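Okay, structure first, notes after.
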Amino acid sequence: MSEYIRRQFDLDLLQLKAQIAQMGALAEQQVSRATALLVRNEGNGKEIVQADDRLDQLEISIDDNCAHLIAKRQPAATDLRTILAVSKIASELERAGDKARKIARLARQVRAAQRADESWYQAMEQFSQEACQLLRDALESYANADAEVALEVIRKNRLLARRAAEHNRAVIDRMVKDPSAVEADLDLLNVVRAMDRIADHGGDLAEHVIYILKGADVRHASLDEIAKEVSDD
């Protein structure tokens with residue numbers, strides 16, 4: 001690749017990075033809005049649906065730009081790896097937005113059923129904040145090419161997964177003791193699962209960052225194995 005083509009390619013990658021940053025900010029906003037609707041009955045689902053459509057459009061645009069970049073530049077293996085991972089990062093953000101939309105859809109049902117107490121709402125708000133922070137940190141690791149930050153995101157996501165399992169067990173125990181409102185309790189489970197999946201998308205995004213930086217597919221690796229990949233030069 002000539003110096004001129006290299007410069008043009010780097011500019012194309014910067015454009016993709018800017019689109020990912022825009023998409024990440026929108027996905028995080030979606031999660032915050034859905035949580036406000038769930039916890040405090042603030043806002044409405046319509047704006048969340050509209051913003052979700054915007055996320056879909058951004059994902060399509062990024063995929064189109066990635067395909068065009070591959071066809072136009074015919075990148076070498078390392079650069080191709082970056083482009084493919086960017087497309088996957090866009091997919092993670094779009095799916096996080098989908099989960100926010102699901103939470104918004106469930107919010108009014110949960111509030112109407114009155115099966116959740118104040119401590120549950122507080123726990124969901126805290127979970128949402130931590131999931132958003134994971135998305136933010138994962139995007140930072142991509143923007144700054146920082147594999148150590150990506151590793152920390154993966155570590156924190158696995159801790160959050162344990163918390164989600166604890167919330168689910170508490171609801172399931174209540175369903176066993178009192179099966180009179182199983183449908184309403186299932187809505188609580190689905191909210192927790194959606195929150196957990198948002199955090200997972202942050203963790204998955206961080207795995208794509210490590211793939212870009214280290215060339216290692218760590219999707220099914222243990223934390224020790226991922227840490228070794230990150231520390232290897």
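Looking only at region 64-117, count how many residues are in contact with a helix residue (DSSP H, G or I) (Cβ under 7 Å, 6 or more places away or on another chain) and not in a helix (DSSP H, G or I).
Residues in region 64-117 being in contact with a helix residue (DSSP H, G or I) (Cβ under 7 Å, 6 or more places away or on another chain) and not in a helix (DSSP H, G or I): 3 in total.
Working only within region 1-60, note down all residues that are of a type outside the set (D, E, K, R) and outside any helix (DSSP H, G or I).
Within region 1-60, MET1, SER2, ASN41, GLY43, ASN44 meet the criteria.
Do you know which residues across region 183-233 are over 20 Å from ASP98 (Cα atoms) and β-branched (Val, Ile, Thr)?
VAL209, ILE210, ILE212, VAL218, ILE226, VAL230
Could you check, for region 155-166, whether at least one of its residues is within 20 Å of HIS208 (Cα to Cα), among the aliphatic types (A, V, I, L, M) and surrounded by 19 or more Cβ atoms within 10 Å (Cβ to Cβ)?
The answer is yes, given that some residue of region 155-166 is within 20 Å of HIS208 (Cα to Cα), among the aliphatic types (A, V, I, L, M) and surrounded by 19 or more Cβ atoms within 10 Å (Cβ to Cβ).
Are there any pairs, at least 6 apart or on different chains, whose C-beta atoms fall under 8 Å, with the first in region 1-19 and farther than 19 Å from LEU139 by Cα and the second small (Gly, Ala, Ser), and if so, which?
Pairs found: MET1/ALA76.
Checking the condition surrounded by 20 or more Cβ atoms within 10 Å (Cβ to Cβ), aliphatic (A, V, I, L, M) and in contact (Cβ under 8 Å) with a residue 40 or more places away in the chain, which residue from ALA145, ALA150, ALA113 passes?
Answer to the check: ALA150.
Which ones in region 118-142 are of a type in the set (Gly, Ala, Ser) and either surrounded by 15 or more Cβ atoms within 10 Å (Cβ to Cβ) or touching a helix residue (DSSP H, G or I) at 6+ places or on another chain (Cβ under 6 Å) (or both)?
Residues satisfying the conditions are ALA123, SER128, ALA131, ALA138, SER141.
Do we have any residue at all in region 82-97 that's crowded, with 18+ Cβ neighbours inside 10 Å, over 15 Å from ILE20 (Cβ atoms) and touching a Leu at 6+ places or on another chain (Cβ under 8 Å)?
No, every residue in region 82-97 fails to be crowded, with 18+ Cβ neighbours inside 10 Å, over 15 Å from ILE20 (Cβ atoms) and touching a Leu at 6+ places or on another chain (Cβ under 8 Å).
Can you run down the residue pairs with Cβ atoms below 7 Å, 6 or more apart or on separate chains, where the first is in region 53-72 and more than 17 Å from LEU26 (Cβ to Cβ) and the partner is small (Gly, Ala, Ser) and not in a helix (DSSP H, G or I)?
That search, which allows pairs on different chains as well, returns nothing.
Of the residues VAL192, VAL209, only one is in contact (Cβ under 8 Å) with a residue 24 or more places away in the chain and within 30 Å of LYS17 (Cα to Cα); which?
Sole residue among the options that is in contact (Cβ under 8 Å) with a residue 24 or more places away in the chain and within 30 Å of LYS17 (Cα to Cα): VAL209.
Each reported figure results from applying straightforward, stated rules to the coordinates on display, with no laboratory input. These numbers come from a predicted model, not from an experiment. Glycine also receives a Cβ, built like all others from the backbone with ideal geometry; neighbour counts cover every protein chain displayed.
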